[in-house]
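Each value in this text was obtained by applying a stated rule to the coordinates, not by laboratory testing. In this text, all values refer to a predicted model and were calculated from it rather than measured experimentally. Cβ coordinates were reconstructed from backbone atoms using ideal geometry, including for glycine residues, and neighbour counts include every protein chain displayed.
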Ligand SMILES: Cc1cc2nc3c(=O)[nH]c(=O)nc-3n(C[C@H](O)[C@H](O)[C@H](O)COP(=O)(O)OP(=O)(O)OC[C@H]3O[C@@H](n4cnc5c(N)ncnc54)[C@H](O)[C@@H]3O)c2cc1C
């Protein structure tokens, strides 16, 4: 490959943010080239838990999250294929009265954003979710939440984007971004392909701290985080909703696939710079398995089939960076999804297309300003 491509918008990063943006831009009839250093979806977007929740989200994220939810609700039509999106509901449970009070306060505020959350007392939980530990104080349930299969979602969105005319180049790590005198950048890749575009979307997930600095000379307090997942053999118990359970400062997240396997995770793993991979941490496997069996006693005897990890970028306030660069015209940042950006992906793509093609978006993304940490402290 030794091509020099030109297009309306170039995208760096083939995770859910970049791919949904490529799809949204191509659907609007504009030319777009997406450059991915590996295979699309090989990082967080393709290996995550697949949870699609508004439940418990920071209020700042709810406008974007609700917009995404409306796409998830008709995801088969959006993606043109079944990606196992199921609207099973999302249930957060707690063992404490304080936890109940916090969820109740959140539910009251979230209703202003159109989220309908139902508080469940301990006896409601026992009646509706009898498989759960009897020691829970209650929970908060959002019925229109659910989950999808990330291994299907990401390649399918890539195929849809390509069918609309997007060009996706894999194994093409962007190694240089040279500003053009006419605006925008010329991106050079290890694959020999170069792309010039007046607008560039920078969506490199767990690599964004490094790429923002190396390619664009911008510094962000974004850290690389690793989350580790576990999947068990199928269980006889039927667990309908996606479940979150905070315990000792960490969340257990758990759901059951249609076949019966239990998918769960808890805690952070390590990044291994030598292999550029999420390293396996035995303690996460044992800890998350123990907490899962504590929450749902019927799971205690199950064998684990496998465990894996994925990388994401996290900001100090756990909010993404989404918006125009303060340093370069023609550069839009979309990263730092801080462990919960899969659900936000479809709406993020639409917002990015609006920013790139219209210069503005109707969705409130004011909490995600790229320069909010420019002076160390978060600007209001
Ligand atoms: C185990 C795990 C479980 C999770 N569970 C959930 C969940 O249940 N619900 C939820 O909403 N979120 C979840 N998340 C978070 C979610 O997966 C991420 O926030 C989201 O996928 C981030 O998408 P992205 O497009 O920003 O990044 P990524 O998916 O990381 O994509 C960025 C891409 O950029 C590429 N790239 C980097 N540098 C370059 C370069 N120089 N040139 C070209 N390409 C480059 C990378 O290879 C990568 O493919 C989870 C994450 C993990 C790891």
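A few notes on this one:
- For the chain, fraction of C-alpha pairs farther apart than 30 Å, in %: 38 percent
- All Cα-Cα separations within the range 222-309 were binned at 5 Å from zero, giving a P(r) of 3, 14, 26, 24, 16, 10, 5, 2, 0, each value a whole percent of the pairs.
- Radius of gyration over Kirkwood radius for the range 137-295, both on Cα atoms: the Rg/Rh ratio is 1.06.
- Here the range 129-163 and the range 241-317 have alpha carbon centers that stand 15 Å from each other.
- For 171, 129, order by how many other beta-carbon atoms lie within 10 Å, fewest first: 171, 129
- Largest first and in whole Å, the equivalent-ellipsoid semi-axes of the range 1-159 read 38, 16, 13, each the square root of five times a Cα gyration tensor eigenvalue.
- Compactness of the range 110-207, expressed as Rg and Dmax over alpha-carbon positions, Å: 23.5, 67
- Range of Cα positions in the range 239-380 per principal axis (Å), largest first: 56, 35, 30
- Sequence of 40, 200 once ranked by neighbouring C-beta atoms within 10 Å, starting from the fewest: 40, 200
- Every pair of different Cα atoms in the range 150-240 enters the Kirkwood calculation, which places the hydrodynamic radius at 16.5 Å.
- Rg/Rg_globular for the range 10-61, with Rg_globular taken as 2.2 N^0.38 Å and Rg from C-alpha atoms: 1.36
- Percentage of interatomic Cα-Cα distances in the range 49-122 larger than 18 Å: 46 percent
- Rounded tilt (10° steps) of 345-358 against the dominant C-alpha axis of the chain: 30 degrees
- Taking all Cα pairs closer than 8 Å and separated by 6 or more residues, the relative contact order of the range 100-245 comes to 14 percent.
- Across all C-alpha atoms in the range 1-91, the radius of gyration and Dmax reach 15.4, 51 Å.
- Dimensionless Rg over Rh [the range 209-255; C-alpha; Kirkwood]: 1.24
- With Cα atoms defining each centre, the range 326-345 and the range 87-127 are spaced 29 Å apart in the structure.
- Using alpha carbons only: equivalent-ellipsoid semi-axes of the range 177-226, gyration tensor based, whole Å: 22, 13, 9
- The angle between the Cα long axis of helix 150-163 and the main principal axis of the chain comes to about 30°, on a 0 to 90 degree scale.
- Least to most buried among 57, 28, 259 (fewest other Cβ within 10 Å first): 259, 28, 57
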